[in-house]
Every structure is written in structure tokens, then in C-alpha cells.
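Trainee: The structure follows.
Rule-based calculations on the coordinates, nothing more; no lab input. These figures come from a predicted structure and were not determined experimentally. Counting neighbours? That spans all protein chains shown, and the Cβs are built from the backbone with ideal geometry, glycine included.
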Amino acid sequence: MKTIYILWLRQLKRYVRSKSRMIGSIAQPLLFLVSLSFGFGPIFQKAGSGNYLNFLVPGIIGMSIIFSAVFSGMEIIWDRQFGFLKETLVAPVSRFNIMLGRTLGGATMSVMQGLLVLVISLFMGFRPTSWLMFPILLLLMLLVALLFTALGTMIASLLEDMQGFQLIVNFLIMPLFFLSGAIFPLQGLPKILSIISSLDPLAYGIDAFRGILINISTFGMGTDIIVLSIATLLFLGLGSYFFSKIQI
């Protein structure tokens with residue numbers, strides 16, 4: 001447990017010290033939030049679907065979490081190239097604990113990103129239906145963050161260069177984001193897109209956020225939690241397995 005705590009704390013210190021990373025990781029979600037909410041808001045309202053900002057905010061929270069979570073895996077490649085990872089792996093602790101500590105640290109940073117987006121959206125006019133479910137929202141945000149941080153760890157464990165990591169991650173997370181229902185409703189989609197969206201784990205995370213914040217849900221809260229829990233355990237297992245195979 002001490003190893004997990006130390007690695008978790010180390011990840012947080014890295015994040016706090018890197019002001020450029022904090023600003024850069026929040027810039028893209030804010031650009032989407034501002035441009036889409038003001039650009040498509042009137043159209044969304046004319047279509048009789050209500051306030052687009054309220055609909056969009058849970059999706060942008062999910063976007064902020066997934067981008068920050070997956071890209072935290074890049075630190076594994078960075079540490080491997082500069083020898084820091086070797087110092088960690090030769091320590092007399094299990095690689096699972098090392099992986100879990102790094103993953104918890106990355107997930108915590110991602111949740112902080114999501115909370116920052118939520119706070120900014122309040123100043124733009126977003127109003128949740130109730131704050132009573134906020135503790136559950138935090139737990140679900142952490143669950144989504146753990147899922148995609150573990151995914152980033154798995155990808156980084158298989159690669160040795162940052163360029164390859166960035167290409168694969170961008171190719172992966174953009175479809176995950178756009179097919180998750182973050183910026184448009186999942187109802188009424190063509191059948192093939194509806195099937196693909198139902199296989200996207202981020203779709204269940206954003207659906208859960210939306211259910212808690214504005215009381216709108218496509219899959220149902222129970223389904224969201226079950227799918228997210230299974231997917232998180234699966235990717236934690238895969239991330240741990242591939243991390244244990246890293247050669248130093």
C-alpha cells in the first residue's frame with residue numbers, strides 16, 4: 001500500500017508542477033464547450049430538445065477525463081526512455097502495485113480535469129437538476145478515469161516511442177469520443193452506429209454523468225454502472241498484464 005501511495009502522490013506532483021500541461025489539457029474541452037454550446041444551442045432548442053449547454057456539459061466532462069487519462073500513459077514511455085522506469089521496476093515490490101499506483105495517480109488527475117470543466121460550465125450557465133448525487137458522480141468519474149488510464153497504460157506498455165503512442169491514441173480516442181453520445185443524442189441513430197455506440201465504454205460513462213446531472217439517461221443507471229465496472233476491471237487486468245511484461 002505504501003508503494004501505491006508514493007506513486008499516486010508522485011503523479012499528482014508531476015501534474016501540479018506542469019502548468020503548461022494543465023492549461024493544454026483543459027483548452028480543447030473548453031473550445032468544444034464554448035463553440036458547440038453557442039454554435040448549435042439555438043438549433044438544438046428549435047428542434048425541441050431543450051438547453052444544449054445542459055446536454056453538452058456531461059459529454060465535455062467525459063471528454064476531459066478520457067483525454068487526460070489515456071495520455072497519462074505517455075509518462076511510462078517517457079520514464080522508460082530516461083531510465084526512471086527502470087529504477088522503479090527494480091524495486092522489491094510487485095509490478096501490479098506499481099501499475100496500480102501510477103493508474104490511480106493518472107485517474108485522480110483526470111477527475112480533477114473533469115471537475116474543473118464542471119466548475120467552468122457553471123459560470124457559463126449550466127445548472128444541474130440536483131447536487132444530492134454529487135458524491136456518486138465523483139465515484140463514476142473515478143471509475144471512467146481508471147478505465148481509460150488503464151487503457152493508456154496498456155498501450156504505453158506495448159510501445160517504445162512517443163510518436164507511435166500519440167498516433168495510436170488519437171486514432172482510438174476520437175472515435176470513442178464522437179460515438180459516445182457526448183455531443184449528440186444516441187436515439188435515432190442508424191442501426192450500425194447504434195450498435196457501435198453500445199460497444200463504446202465511454203458512452204456508458206457519459207450517459208451516467210448525464211443521468212446524475214440533468215436526469216436524462218439512455219441506457220439506465222444500473223446498466224451504466226455494471227458496464228463501466230466490468231470494463232474497468234477488464235482493462236485494469238490487461239494493463240497490469242502488459243505492464244508486467246515490460247522489458248528493462
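Trainee: So how far apart, in nm, are the two label points at residue 216 and residue 127 if each is 7 Å from Cα heading toward Cβ?
Mentor: In this crude spin-label approximation the distance works out to 1.6 nm.
Trainee: Which FRET efficiency value, to the nearest 0.05, is calculated for residue 160 and residue 115 with the Förster distance at 30 angstrom and r the Cβ-Cβ distance?
Mentor: 0.35
Trainee: I need the P(r) histogram for segment 108-248: all alpha carbon pairs, bin width 10 Å from 0 out to the longest distance, whole percents.
Mentor: Bins of 10 Å from zero give 11, 37, 35, 15, 3, 0 percent of pairs.
Trainee: In addition: Ordered by residue, what ³J(HN,Hα) values in Hz, to whole numbers, does segment 214-222 give under the Karplus form 6.51 cos²θ - 1.76 cosθ + 1.60, where θ = phi - 60° and Gly and Pro are x?
Mentor: With the stated coefficients, segment 214-222 comes to 10, 6, 10, 9, 8, 8, x, 4, x Hz.
Trainee: Under the Kirkwood approximation for Rh and a Cα-based Rg, what ratio Rg/Rh is obtained for segment 92-168?
Mentor: Rg/Rh: 1.11.
Trainee: Charges at C-beta only: +1 for Lys and Arg, -1 for Asp and Glu. How large is the resulting dipole of segment 95-248 about its Cα centre, in Debye rounded to 20?
Mentor: So the dipole magnitude of segment 95-248 works out to roughly 140 debye.
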